[in-house]
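**Q** Once you've had a glance at the structure underneath, I'll fire off some questions.
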Amino acid sequence: MRVLGIETSCDETAAAVVERRADGSGVILSNVVLSQLAEHAPFGGVVPEIAARAHVEALDSLIARALREPGIAAADLDGIAATAGPGLIGGLLVGLMTGKAIAAAAGKPFVAVNHLEAHALTARLSDGIGFPYLLLLVTGGHTQIVAVRGVGTYERWGTTVDDAVGEAFDKVAKMLGLGWPGGPEVERIAAGGDPQRFAFPRPMAGRPGCDFSFSGLKTAVRLEAQKLAPLSDGDVADLCASFQAAVTDSLADRTRSALERFVAGSGDAPTLVVAGGVAANAAVRGRLEGLAGHYGATLVAPPLRLCGDNAAMVAWAGCERLALGRSDTLDAPARARWPLDEMDAA
Ligand code: ATP
Ligand code: MG
Ligand code: FE
């Protein structure tokens, strides 16, 4: 089965073709991503109207490339999948309408994909893992721990009570005068800093449950930066390193709490999956690897190009749903808000 995926929920315009083999494994035939970084960088964040217009300009040619590279015509596809939410409504409409139009013109089934489900199922495309698994979803807009039981069956065990972790990276980068998006910049600068110079709080550490909080940590960094101003390069590096250490500790503590619960309920060889843009962070990955090992679990972290927003994950989510006989009608709406635990089980 071959599915065209379209992703336009935020500031990446992306198209991809993924094949799902009879044995359930997936192969990426093409995966084209165009980041709008340059358009938004002057504003230090994503400007919704600019994003929607940029998607309109880029999407047609990206889809043409995604089909041309593997030499596939729309007629050869078994379905078209487009992100329908959650995300910025203008961008979502661009991708959704384009996907529906191609599906209608080619007479193919259409799948309205939940972007978080696409992040959540990526590890099945990259590593072929089975259900169930425990998912730590760490993106620019979400920070969640989810027990993934099957396609469409997600139990959300924890979420952030304020900022998402990627958002905290982005805001800290901004207050320290670093580039945007902040995550990769903070990680790069942190490599030359002292993670122990500042004893920042480890939010929620030791509390029962699996919820997260990053707003207080962000404020602690801001106060320290104000106290030290003007900042030397060494100060910035130490602030980044100490912030990243606190984030890593906090994520590890919350994940430990979830793993204990998950392992107790699942018996043999549990799998921990980390997904979303922040999963690109080597300190976070390294810590989770150690944690998983401690509980006899295996950590699965998709390759970097599948961690950030891309359309291969959207095409794959489409494959997973189509394989279970699920598709959507052409009046499926764009949804700015669409929590994972409000999905229909497939
Ligand atoms: P959502 O999926 O919730 O709609 P999003 O699509 O914007 O949000 P992603 O594309 O999954 O999120 O991830 C982007 C986020 O990941 C940004 O906040 C970015 O700063 C962060 N990020 C990317 N690379 C790194 C890194 N190396 N270290 C830390 N954070 C990172
Ligand atoms: Mg992005
Ligand atoms: Fe995302």
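The values are calculated or read from the model by the stated rules, or taken from the named source; none is laboratory data. These figures come from a predicted structure and were not determined experimentally. Don't worry about glycine lacking a Cβ; one is built from the backbone with ideal geometry, like all the others, and counts go over all protein chains shown.
**Q** Let me confirm something: among THR160, THR153, which residue is in contact (Cβ under 8 Å) with a residue 60 or more places away in the chain and either buried (at least 22 other Cβ atoms within 10 Å of the Cβ) or more than 16 Å from ligand 2 (Cβ to nearest atom) (or both)? Reasoning before the result, please.
**A** Values: THR160 fails: in contact (Cβ under 8 Å) with a residue 60 or more places away in the chain.
After applying the criteria, what remains is THR153.
**Q** For ASP170, are the conditions met, namely being within 30 Å of LEU37 (Cα to Cα), within 16 Å of ligand 3 (Cβ to nearest atom) and surrounded by 15 or more Cβ atoms within 10 Å (Cβ to Cβ)?
**A** Yes.
**Q** I want to confirm something. Restricting to the range 206-222 and keeping residues that are hydrophobic (A, V, I, L, M, F, W, C) and closer than 15 Å to ALA168 by Cβ, which single residue is surrounded by the fewest Cβ atoms within 10 Å (Cβ to Cβ)?
**A** Taking the range 206-222 first, the residues hydrophobic (A, V, I, L, M, F, W, C) are 210, 212, 214, 217, 220-221.
Checking the rest, the ones that are also closer than 15 Å to ALA168 by Cβ come to 212, 214, 217, 220-221.
Numbers: PHE212: 26, PHE214: 27, LEU217: 23, ALA220: 18, VAL221: 22.
Applying the filter and picking the extreme gives ALA220.
**Q** Cβ contacts < 6 Å: first residue in contact (Cβ under 8 Å) with a residue 24 or more places away in the chain and closer than 19 Å to GLY179 by Cα, restricted to the range 39-60; second residue of a type in the set (Gly, Ala, Ser) and within 13 Å of ligand 1 (Cβ to nearest atom), any location; separation 6+ or different chain. Result?
**A** ALA51/GLY91
**Q** Consider VAL47 against the criteria (1) touching an Asp or Glu at 6+ places or on another chain (Cβ under 6 Å); (2) aliphatic (A, V, I, L, M); (3) within 15 Å of ligand 2 (Cβ to nearest atom): it satisfies all of them except one. Which criterion is unmet?
**A** Status for VAL47: all satisfied but (1).
**Q** Which of the following residues is of a type outside the set (D, E, K, R) and within 16 Å of ligand 2 (Cβ to nearest atom): VAL236, VAL314? Before the answer, list the steps.
**A** Numbers: VAL236 fails: within 16 Å of ligand 2 (Cβ to nearest atom).
It is VAL314.
**Q** Tell me which residues, restricted to the range 157-210, are within 18 Å of the chain's Cα centre (by Cα), among the small types (Gly, Ala, Ser) and modelled with pLDDT of 95 or more.
**A** Result: GLY158, ALA164, GLY166, ALA168, GLY183.
**Q** Look through CYS307, CYS319 and report the one residue that is within 16 Å of ligand 1 (Cβ to nearest atom), among the hydrophobic types (A, V, I, L, M, F, W, C), under 30 Å from VAL3 (Cβ atoms) and in contact with a Gly (Cβ under 7 Å, 6 or more places away or on another chain).
**A** Working: CYS319 fails: within 16 Å of ligand 1 (Cβ to nearest atom).
None of the other options fit; the residue is CYS307.
**Q** Determine which single condition GLY318 fails, assuming it passes every other condition in (1) outside the structural domain of ILE63 (by TED's automatic domain parsing); (2) closer than 27 Å to ARG20 by Cβ; (3) part of a helix (DSSP H, G or I).
**A** (1)
**Q** If you go through the range 126-145 one residue at a time, do you hit one that is free of Cβ contacts under 8 Å to residues at least 40 places away in the same chain, over 26 Å from LEU4 (Cβ atoms) and either buried (at least 23 other Cβ atoms within 10 Å of the Cβ) or outside the structural domain of PRO48 (by TED's automatic domain parsing) (or both)?
**A** Within the range 126-145, none of the residues are free of Cβ contacts under 8 Å to residues at least 40 places away in the same chain, over 26 Å from LEU4 (Cβ atoms) and either buried (at least 23 other Cβ atoms within 10 Å of the Cβ) or outside the structural domain of PRO48 (by TED's automatic domain parsing) (or both).
**Q** I need every pair where a residue in the range 263-278 that is at pLDDT 85 or above has its Cβ under 6 Å from the Cβ of a residue that is surrounded by fewer than 17 Cβ atoms within 10 Å (Cβ to Cβ) and assigned to a strand (DSSP E or B), sequence separation at least 6 or different chains.
**A** THR271/THR298
**Q** Might you check whether a residue that is over 27 Å from GLY128 (Cα atoms), within 16 Å of ligand 1 (Cβ to nearest atom) and surrounded by 24 or more Cβ atoms within 10 Å (Cβ to Cβ) occurs anywhere in the range 95-114?
**A** First, the residues of the range 95-114 that are over 27 Å from GLY128 (Cα atoms): 95-98, 100-107.
Filter again for within 16 Å of ligand 1 (Cβ to nearest atom), leaving 95-96.
Right, trim to surrounded by 24 or more Cβ atoms within 10 Å (Cβ to Cβ) and you get 95-96.
Checked against the condition, which is being over 27 Å from GLY128 (Cα atoms), within 16 Å of ligand 1 (Cβ to nearest atom) and surrounded by 24 or more Cβ atoms within 10 Å (Cβ to Cβ), the range 95-114 yields at least one hit.
**Q** Okay, next question. Among the residues of the range 328-346, which ones are in contact with a helix residue (DSSP H, G or I) (Cβ under 7 Å, 6 or more places away or on another chain) and modelled with pLDDT of 95 or more? Break it down stepwise before answering.
**A** So the first thing to find is which residues in the range 328-346 are in contact with a helix residue (DSSP H, G or I) (Cβ under 7 Å, 6 or more places away or on another chain), and the list is 330, 334, 336, 340, 343, 346.
Answer for the range 328-346, where residues must be in contact with a helix residue (DSSP H, G or I) (Cβ under 7 Å, 6 or more places away or on another chain) and modelled with pLDDT of 95 or more: LEU330, ALA334, ALA336.
**Q** I've got another one for you. Taking the options SER25, SER35, SER9, SER30, name whichever one is at pLDDT 95 or above and within 13 Å of ligand 2 (Cβ to nearest atom). Outline the logic, then answer.
**A** On the way: SER25 fails: within 13 Å of ligand 2 (Cβ to nearest atom); SER35 fails: at pLDDT 95 or above; SER30 fails: within 13 Å of ligand 2 (Cβ to nearest atom).
On inspection, the qualifying residue turns out to be SER9.
**Q** Let me ask something additional. Filter the range 262-278 for residues that are closer than 12 Å to VAL165 by Cβ and either more than 16 Å from ligand 3 (Cβ to nearest atom) or assigned to a loop (DSSP other than H, G, I, E, B) (or both) and give the result.
**A** Within the range 262-278, the subset closer than 12 Å to VAL165 by Cβ is 274, 276-278.
Across the range 262-278, the qualifying residue is only GLY276.
**Q** Follow-up. Which of (1) under 29 Å from PHE110 (Cβ atoms); (2) at pLDDT 95 or above does CYS307 not meet, given it meets every other one?
**A** (2)
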